[in-house]
Each structure stands twice: as structure tokens, then as C-alpha cells.
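A.B. asks: One structure, pasted below without further comment.
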Amino acid sequence: MVMNRIALYHLETLLWINRLGSFSAAANRLNTTQPGISARIRELENHLGIPLFARQGRNMILSVQGRELVRRCEQVWPSLQQALLNPVDLSSVAGIVRIGSGEIAAASCLSAFVNAIRQEMPGLSLEIEIDLTSKLIDGLLSGAADLVFAIGPVEMPGIKTRRIGEVELIWLASPSLANMLEQRLVPPKDLLFWSLARSSPMHAIMHDALGGLGYHDGKINTCNDLHSLIDIIVSSGGVSLFPLNMVGEKISSGEIVRVFDQSPPPILLQAAIRSAEKDPIILHIFEIAHALKTEEVSAPAAR
């Protein structure tokens, strides 16, 4: 075996295949092609003189020797990364970090986070994806994302979180519908409620809040895009529960107004990474995310 022919990218490739479960997922994570990943593994096998993978149907699985190599590399990889990373000069760090965020979290803290990263680590490139919380967590656990901002509390195995702040919630409707509600011209059974998709934590929050208002049988329609949901409410399509920081301009312009005095407690915003994360860069940006503060916004009185 010729050690000087084994490069760090060979071992990094092997570790990401193991973490993500496939050559294609590792190729996506390492910004290369699947044939490129296969070539790296062939080179590593040739240098070591042992088979690292075996084909099982359409899948490639680690061999016994491959699993042992992964175990040994996982033990030393964090220390190796730390040794190669200058802990003083973070401005010299380069690479791609994948960030996931829900719409609410994005409106609350994403711009401040991007600015903080630009100031501390200008060499980093960020790939940001906006999606529902459930999909963000799945992406984090699969390795498709390095850090996500989401509505909390996120409490599940394999995830470590940090609190960022809270966002107040408010019931809103168009002025015309609000007037009809005030004059009791809309029977409760005919009132349409709108929420984000059922997989969103906001749906469960809204369902519980409706019970507290006495609308136990309220019909809840769903839309998986928050901005489209705002447009529906502006057009007198019904009533919805919104994070206050995303509707301030619409309230100020009079396009939508507050209804119902009683609102649920503020929602928690969290940053999350994998519990097993050892990459010093990811751990550092996790602390940057934790240091973010959400801006407080005061809610108007209900009509």
C-alpha cells in the first residue's frame, strides 16, 4: 500500500457515502458527479488493496473491511479537520454550507445570519433552501442540509437545537370580512380558516387555537406557501393565524386587520444541526445562529 497516493478527499468521500447511504447522495453533498464518486472509491480500493463495497441488487453496501475503515476514520476525522483549520483566522475558511429554513424563520433571522457569516467567514458559500419544517428536518438528518432554522420545539433523536427567539402570532382577515364578523353576519359554521400545510407546526398550533376560541368544528383549508396564504386572506378568502413579523406592511396599509383578541403563545424559533456533527465549521456557524436575536414587533388591537 502506498500511503502518499491516498488523499483526504478519498476518505471524505467514503465517510459521506456511509453517512448518506448512497453514492449519488454523496456526489450531491460533495458537489461532484456519481461517476466521480465511483472513481474515488476505486482509487481508494486500489491503493488499499481491499474491496470497500459489495453490490447487493442495485445497491452498493460496505464490506466488512469497509465498515472497519469507516469506523477508524470517523474517530480521527474531526481531529484532522480541527488540525487543518486555523481556529484564529476564520476568514480564510472556504467551502459550501447548506442551510435550510422555513418561511417564518427566514423572515425572522436569515438575513442577519447571512450578514454574520459574510463578516466572519467571507470565504464560505451558502446554499439556502426554503421549505416546510418537516422536510427541513428530514434533509438535516439525511445530510442534505448542514443547519436548519425552524419553528420549535424540535425535539427528536439525532437533532441538537439552539433557541433563537420568539415570534408573536396574530389572527387576521380582510377589513370587509372583519366588519362582517364584528356584526355577526357570518355564522361560525360558514367561516373559512386557512393554515399552512398539515405537516407544518403552524397547522397544529392553529387547530389548538381554534378550539380555544370555540371553533371546535372549524373547517381548515391549507396552503403550503405563506405568501400565497397572505394573498388569500387579503382577498377576503377567510381568516388565518400569521406570524406578526411577516404581515406588518399589510397591516400598516390596511389590507388586513386583526380579528379575535385571544392569540396563542408566541412560536419558538430554533437553529438545528445533527447531534453527531463534528465539523468545526458547522459547529461555529451553529453558535453564530444561536447568537441571533429576533426583532420584537407589537401587535395592533383587534377590531
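Every read-out reported here was derived from the displayed coordinates using simple, explicitly stated rules and does not represent laboratory data. None of these values were measured; they are calculated from a predicted model. Cβ sites come from the backbone with ideal geometry, for glycine too, and all protein chains shown count toward neighbours.
A.B. asks: How large is ³J(HN,Hα), in whole Hz, for each residue of region 114-126 in order, when computed from phi with the Karplus curve 6.51 cos²θ - 1.76 cosθ + 1.60 and θ = phi - 60°, using x for Gly and Pro?
C.D. replies: Once rounded to whole Hz, the list reads 4, 5, 5, 5, 4, 6, 8, 9, x, x, 6, 9, 9.
A.B. asks: Moving on to the next point. Of the beta bridges DSSP finds with both residues in the chain, what % are antiparallel, to the nearest 5?
C.D. replies: Details: 23 of 39 bridges.
Here the antiparallel bridges make up roughly 60 percent for the chain.
A.B. asks: Just to confirm the filter: which trypsin sites (Lys or Arg not before Pro) across region 90-162 are DSSP coil and have at most 14 other Cβ within 10 angstrom of their Cβ?
C.D. replies: Nothing satisfies the criteria.
A.B. asks: While we're on this one: Treat every Asp and Glu Cβ in region 3-84 as -1 and every Lys and Arg Cβ as +1, leave all other atoms uncharged, and give the resulting dipole magnitude about the Cα centre to the nearest 20 debye. Each step should come with its number before you reach the end.
C.D. replies: Numbers: 10 positive and 5 negative charges, 36 e Å.
Using Cβ point charges on Lys, Arg, Asp and Glu, region 3-84 gives about 180 debye.
A.B. asks: Shape call for region 183-259 from the C-alpha gyration tensor, a ≥ b ≥ c root eigenvalues: rounded (a/c under 1.5), prolate (a/b greater than b/c) or oblate?
C.D. replies: Since a/c reaches 1.5 but b/c is at least a/b, the shape of region 183-259 is classed as oblate.
A.B. asks: Related question: So for the pair residue 55, residue 277, with labels modelled 7 Å out along Cα→Cβ, what separation do we get in nm?
C.D. replies: Distance between the two pseudo-spin positions: 3.7 nm.
A.B. asks: Sort 198-210, 281-293 by packing, meaning the average of other beta carbons within 10 Å per residue, with the highest value first. Display every interim value, and only then the final one.
C.D. replies: Working: 198-210: 18.4, 281-293: 16.5.
Highest mean packing first, the order is 198-210, 281-293.
A.B. asks: Please get the size of the charge dipole for region 169-265, origin at its Cα centre, with Cβ charges of +1 on Lys and Arg and -1 on Asp and Glu, quoted in debye to the nearest 20.
C.D. replies: Value, rounded to 20: 140 debye.
A.B. asks: If one takes the longest principal axis of the Cα atoms in the chain, at what angle in degrees, from 0 to 90 and to the nearest 10, does the Cα axis of helix 34-48 lie?
C.D. replies: Around 30 degrees separate the two axes.
A.B. asks: Where does the chain land on the Kirkwood hydrodynamic radius, alpha-carbon pairs, in angstrom?
C.D. replies: 22.1
A.B. asks: Convert 10 °C to kelvin, take the viscosity as 1.306 mPa s, use the Kirkwood radius over C-alpha pairs of region 139-210 as Rh, and evaluate the Stokes-Einstein diffusion coefficient in µm²/s, rounded to a whole number. Please list the in-between numbers first.
C.D. replies: Numbers: Rh = 15.6 Å.
The Stokes-Einstein estimate is 102 µm²/s.
A.B. asks: Rounded to the nearest 500, what is the 222 nm mean residue ellipticity of the chain from helices alone, with -39500 (n - 2.57) per DSSP H run of 4+ residues and division by all residues?
C.D. replies: Calculated at 222 nm, the ellipticity per residue is -12500 deg cm²/dmol.
A.B. asks: Dipole of the chain, Cα-centred, from +1 at each Lys and Arg C-beta and -1 at each Asp and Glu C-beta, to the nearest 20 debye?
C.D. replies: 1020
A.B. asks: Divide, for region 3-84, the radius of gyration over alpha carbons by 2.2 N^0.38 Å, where N is the residue count. Before the final figure, lay out each step's value.
C.D. replies: On the way: Rg = 12.2 Å, N = 82, 2.2 N^0.38 = 11.7 Å.
It is 1.04.
A.B. asks: Name the residue from 8, 53, 36 whose Cα lies farthest towards the positive end of the charge dipole of the chain, charges +1 on Cβ of Lys and Arg and -1 on Cβ of Asp and Glu.
C.D. replies: The one lying farthest along the dipole's positive direction is 53.
A.B. asks: Along the charge dipole of the chain, Cβ charges K/R +1 and D/E -1, which of 108, 139, 78 sits furthest on the positive end?
C.D. replies: Comparing the listed Cα positions along the dipole, 78 ranks first.
A.B. asks: Round to the nearest 10 and give me the degree value, 0 to 90, for the angle of helix 280-290's Cα axis relative to the longest principal axis of the chain.
C.D. replies: 10
A.B. asks: Per-residue counts of other Cβ atoms within 10 Å, averaged by peptide: what ranking do you get for 58-68, 179-189, 139-149, highest first?
C.D. replies: Top to bottom by mean Cβ count within 10 Å: 139-149, 58-68, 179-189.
A.B. asks: Over 19 Å, how big is the tail of the calculated P(r) for region 27-163, in percent of all Cα pairs?
C.D. replies: The proportion of pairs with Cα distances above 19 Å equals 66 percent.
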